[in-house]
Structure formats: structure tokens, C-alpha cells
Amino acid sequence: MTHVLPIDTKFTLGETLTEEQRAFLDHYGFLHFRGVATRAEVEMLRAEQDRLEQRWLSEGIKQINGIPLFFGKGLGGKPAIQRIPFTSRFSERIQAFVRDARFRGLPAIVGEGARLGDVEKDGVVLNRYVNVPGSVYQRLGWHTDGLRDLFYLRMPQQMLNFGVHLDDITRDNGGLRLIPGTHKQGFLSMLLGKMHFISHGEDRREICVETEAGDLTIHDGRLWHRVARSQREGAESMRRTMFVPYLTGPYEPKTEASKTPGYHTLGKVMRNARTLMALLALAAVFLGAGYAGYAALLGG
Ligand SMILES: O=C(O)CCC(=O)C(=O)O
Ligand SMILES: [Fe+2]
């Protein structure tokens, strides 16, 4: 068996994974590569994110191929879109970037014949976390990505998540936390080990993935992870990431007619705390009325 390197090892991306990298991924459930995108590419991706955000805001687009855009507030209280799906479909530069030769070895890690999912699942996603009043994306609760499969009515399949990081993030600036090794847990712990997206508490087993702009991380979809809130505010708290899906299995392209997957409908309700509070109030009224009626019936 190949020796497993220390958990804080940062790797360099080559044409394929080395034995050491494979052993690391298998053991901990993630890999961290330094300096995969150049400074100029990071600038380009940030600019494309800004451009698409402005385009969808001005065109009043609410969802793409059934996947909702996450609307919130950005710097200076301006309207912002904090998660944009299918970006490579609307940006030639992003499309060219994710097809660059340096990434050619990545699909094979996922499985034989794996492909880049430009029009499947949520496509190539750009996220923007920022800690300002009104931001709907300051943090993201504990979750496993694989559980989303249940909403597609199938058991979680092995899946790897590829993230290109577009900011320098240290522990105090929030960022990705994950629990190494939990990709080997059984289905029940994956389902119930923590409250998906509701639980935010620090876990004694968690590690913080501190990134530099241009880094690439790969994590197993069965791994417990979260994004912590930045301790800074405003521009200082900005964290941008790009997620690239590589898929195996039947080709399932989405179109404008595609329905919103259940986990996004749920997410939308939870992001909109006001809706949630209104629903709770409504439920309380119904329960109250029901109880009053019941009491009246009993003559009490
Ligand atoms: O932003 C990140 O690094 C992680 C985001 C994430 O876990 C997700 O969108 O499922
Ligand atoms: Fe995730």
C-alpha cells in the first residue's frame, strides 16, 4: 500500500493523478492542488462572474434550465446573484478554460468515459459568498453533496466535486471545512450524521481548507463539509468558487423546460427566511384554530 502523506499536503496537478495523490484521496476523501489557475485566469473568471451576474440581473432571469439563481445583496447593498449555474454555456472564456489541456486528466479520476457536464446537473457553477447584511450566502451548513441523488430518485452514486478557488482564504475568513474520511461512512450516517444544511457547528474532526486564488480542490461527494461564515465583513469577506461537474452514467442534458430539482426548491424556501417565518406563523394559526375547534367540540 502506498504511504499516505500528511493531511496538510498541497499537491501540484500533473497529467494524471500520481499513486500518492490517489492514496491521499482514497484515505481522506479530498485533494488540494496549488496554483492550477494563473492570476490572469482568476481575474478573467471573476470578471466573467460579474458580467453574467449583471446580465441575468438586467434581463430579469430567475432560473436557468430549472436551476434557481440565488439572489441576495452584495457589496454596498447592491442586488447580487450569489450562485450562478451553467456559466460555461454563456461564456466562451469559461468554456475554453474548463476544457484546457491541464484538466484533461481529471475526468478519468471520476471514472472511465467521464465527461464535463456543461448542461447536466447545475453545469459549471460560480459561487460568491460575502458577509454583508442581506447576503443570502454567508455560509453553507453541513452537508454531503451525494445526498442530492435522492432527489433524482436514486441511491447516492460516487461523485467527486472539483472546485477552482478564486480568493485567498485563511481560517478567519470562513471557507471550506470538511471532515476527512467521512466519505467511507455508510448510507445512514450520510443521511443522518448531521442535519443537512441546518447544522453549522464546529466539529472537532473538521479541517479548514485554506486556499489561494487559483487553487483546485477535489472532494468526494459523500464527505461531510460546510462553508463557514467569514469573521470579516464587506469586501474583505468575499469568497468566490467555481465548481466543475464531471459525470459518468447516462447523458442527462437539461433544457429550459427542465423542472427544478427538489433540493433546490427546499433550498429556496430555507434561504428565504421570511417565507419560512410566514409558513410557521400560518401553521401556528391552523394549529391554534384546530385546537380551539377541538376544545369547543369537547365543550371545554
Ligand atoms: O464553496 C465551496 O467551497 C463549497 C460549496 C459546496 O459545498 C456546495 O455548493 O455544495
Ligand atoms: Fe457541497
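The values are calculated or read from the model by the stated rules, or taken from the named source; none is laboratory data. In this text the structure is predicted, and so the values were computed from the model without any measurement. Cβ placement follows ideal geometry from the backbone for every residue including glycine, while neighbour counts extend to all protein chains displayed.
Out of GLY221, GLY174, GLY193, one residue alone is surrounded by 22 or more Cβ atoms within 10 Å (Cβ to Cβ) and either small (Gly, Ala, Ser) or not assigned by TED's automatic domain parsing to the domain that holds GLY72 (or both). It is GLY174.
The test for being more than 15 Å from ligand 1 (Cβ to nearest atom), in contact with a strand residue (DSSP E or B) (Cβ under 8 Å, 6 or more places away or on another chain) and not basic (Lys, Arg) holds for LEU247. Of the conditions (1) surrounded by fewer than 17 Cβ atoms within 10 Å (Cβ to Cβ); (2) among the charged types (D, E, K, R); (3) within 30 Å of GLN63 (Cβ to Cβ); (4) touching a residue at least 12 places away in the same chain (Cβ under 8 Å), GLU43 clears all except one; give me its number. Among (1) surrounded by fewer than 17 Cβ atoms within 10 Å (Cβ to Cβ); (2) among the charged types (D, E, K, R); (3) within 30 Å of GLN63 (Cβ to Cβ); (4) touching a residue at least 12 places away in the same chain (Cβ under 8 Å), GLU43 violates only (4). The set of residues in region 1-49 being among the small types (Gly, Ala, Ser), part of a loop (DSSP other than H, G, I, E, B) and farther than 28 Å from GLN185 by Cβ consists of GLY14, GLY35, ALA37. Residues in region 65-119 that are in a helix (DSSP H, G or I) and more than 20 Å from VAL36 (Cα to Cα): LEU75, GLY76, GLY77, ARG89. Condition test on ARG204, is it charged (D, E, K, R), more than 24 Å from ARG102 (Cα to Cα), in the same structural domain as ASP50 (by TED's automatic domain parsing) and within 14 Å of ligand 2 (Cβ to nearest atom)? So ARG204 does not fit the description; no. One residue stands out among those in region 82-96 that are over 17 Å from SER258 (Cα atoms) and without any contact (Cβ under 8 Å) to a residue 40 or more places away in the chain: the one that is nearest to ligand 2 (Cβ to nearest atom), which is SER88. Selection of strands (runs of 3 or more DSSP E) fully inside region 125-239 by the criterion of at least 2 residues being out of contact with any Gly (no Cβ under 9 Å at 6 or more places or on another chain) and at pLDDT below 95 returns 140-143. Screening ARG148 on (1) within 14 Å of ligand 1 (Cβ to nearest atom); (2) closer than 15 Å to LEU223 by Cβ; (3) over 15 Å from the mean Cα position of the chain (by Cα) shows it passes everything except condition (3). With the structure loaded, tell me whether VAL110 is more than 16 Å from ligand 1 (Cβ to nearest atom), within 20 Å of the chain's Cα centre (by Cα) and among the aliphatic types (A, V, I, L, M) or whether it fails that test. Yes, satisfied.
The residues on offer are GLU112, GLU92, and the sole one that is at pLDDT below 95 and of a type in the set (Asp, Glu) is GLU112. Of all residues assigned to region 102-122, none qualifies as being assigned by TED's automatic domain parsing to the domain that holds THR248, more than 30 Å from THR16 (Cβ to Cβ) and either in contact with a Cys (Cβ under 6 Å, 6 or more places away or on another chain) or exposed (fewer than 15 other Cβ atoms within 10 Å of the Cβ) (or both). Scanning region 160-191 for residues that are aliphatic (A, V, I, L, M) and either in contact with a helix residue (DSSP H, G or I) (Cβ under 9 Å, 6 or more places away or on another chain) or within 14 Å of ligand 1 (Cβ to nearest atom) (or both) yields LEU160, VAL164, LEU166, ILE169, LEU176, LEU178, ILE179, MET190, LEU191.
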